[in-house]
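What follows is a set of notes on a single structure, which appears directly below.
The values are calculated or read from the model by the stated rules, or taken from the named source; none is laboratory data. Because the structure is predicted, anything quoted here is derived from the model rather than measured. Here the Cβ is made from the backbone with ideal geometry for all residues, glycine too, and neighbour counts use every protein chain on show.
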């Protein structure tokens, strides 16, 4: 669906103010689509900077943008201290992308501990016995593993390392889950787009990105073993299967855990992405524009989200968010 087609289903009310946002590169594709649709129908023109979740949180705290965006949810104490309202907008999958000579797209199979080994330095060549055991019959080369990670403070890194911490006790002990960790080696790249480009250019490369970037760049995406022990391919249906396990009722400030969820065909690395909006905005016109932008996206932007392989929020959660958005 083109941006014009998306706009056709969105509200047509015009607003006086444009809005600025910054943060998550995971969320950049959907905010871009919602922004184009809003502009096409006279709504606020969105200027969104994909600078990483850490920078997005810092900028909204400093009130240099109208909203921040982060894949790592902010804790309740920090939200209250900085007078911020946090809410999810969509959910989506993080995938492992590889550039392994001779390995066809989608053919490589990995599990969580092996993926951790590729990043902690314990697996240094693609024909390592641990990888070969998961891929009988696949001709794996002696090519050196070239791990690529995010160079910026990244919510995508927080989600990825959170998954590794769940499935690898060794990773949890040595590195843990954070927007930035003390990587064992490899190269850094800024943003999902930077990681995608680096893997595409690096023989033996492996990286982690939001699925839309892998799809757009026609990258080789690995299958992953799910919580139930089955190999799963990333897709909207496998992301949705994981999202079915979301425990919204017990999620403080909507911070749901969607990592390594049980269930058939559930992709193991799924996350919500969050917007952060001031509850004490100094400019009522800007606050109204931000509110209406997100109401349009949540209520009328589902088709755009699905086209980009995001999972939309349950209708009752969207209704709850719309009722709570700061005015």
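Worth pointing out:
- Taken over the stretch 110-148, residues that are over 26 Å from residue 182 (Cα atoms) and touching a strand residue (DSSP E or B) at 6+ places or on another chain (Cβ under 9 Å) amount to 6.
- Residue count for the stretch 37-56, restricted to those that are surrounded by fewer than 19 Cβ atoms within 10 Å (Cβ to Cβ) and under 15 Å from residue 290 (Cα atoms): 4.
- Residue that is farthest from residue 254 (Cα to Cα) [pool: residues in the stretch 299-327 that are touching a strand residue (DSSP E or B) at 6+ places or on another chain (Cβ under 7 Å) and either buried (at least 22 other Cβ atoms within 10 Å of the Cβ) or at pLDDT below 95 (or both)]: 309
- Selection status of residue 243, crowded, with 19+ Cβ neighbours inside 10 Å, under 30 Å from residue 142 (Cβ atoms) and within 18 Å of the chain's Cα centre (by Cα): no
- 1 or more residues over 14 Å from residue 275 (Cα atoms): qualifying strands (runs of 3 or more DSSP E) within the stretch 14-88: 46-50
- Taken as a whole, the condition of being buried (at least 24 other Cβ atoms within 10 Å of the Cβ) and touching a residue at least 12 places away in the same chain (Cβ under 8 Å) does not apply to residue 32.
- Search result, residues across the stretch 1-24 that are touching a helix residue (DSSP H, G or I) at 6+ places or on another chain (Cβ under 8 Å) and modelled with pLDDT of 95 or more: 19, 21, 22, 23, 24
- The lone exception for residue 51 - which of (1) touching a strand residue (DSSP E or B) at 6+ places or on another chain (Cβ under 7 Å); (2) outside the structural domain of residue 22 (by TED's automatic domain parsing) it fails: (2)
- Any chance residue 287 is surrounded by fewer than 24 Cβ atoms within 10 Å (Cβ to Cβ), touching a residue at least 12 places away in the same chain (Cβ under 8 Å) and not assigned by TED's automatic domain parsing to the domain that holds residue 236: yes
- Taken over the stretch 71-110, residues that are buried (at least 21 other Cβ atoms within 10 Å of the Cβ) and closer than 23 Å to residue 241 by Cα amount to 16.
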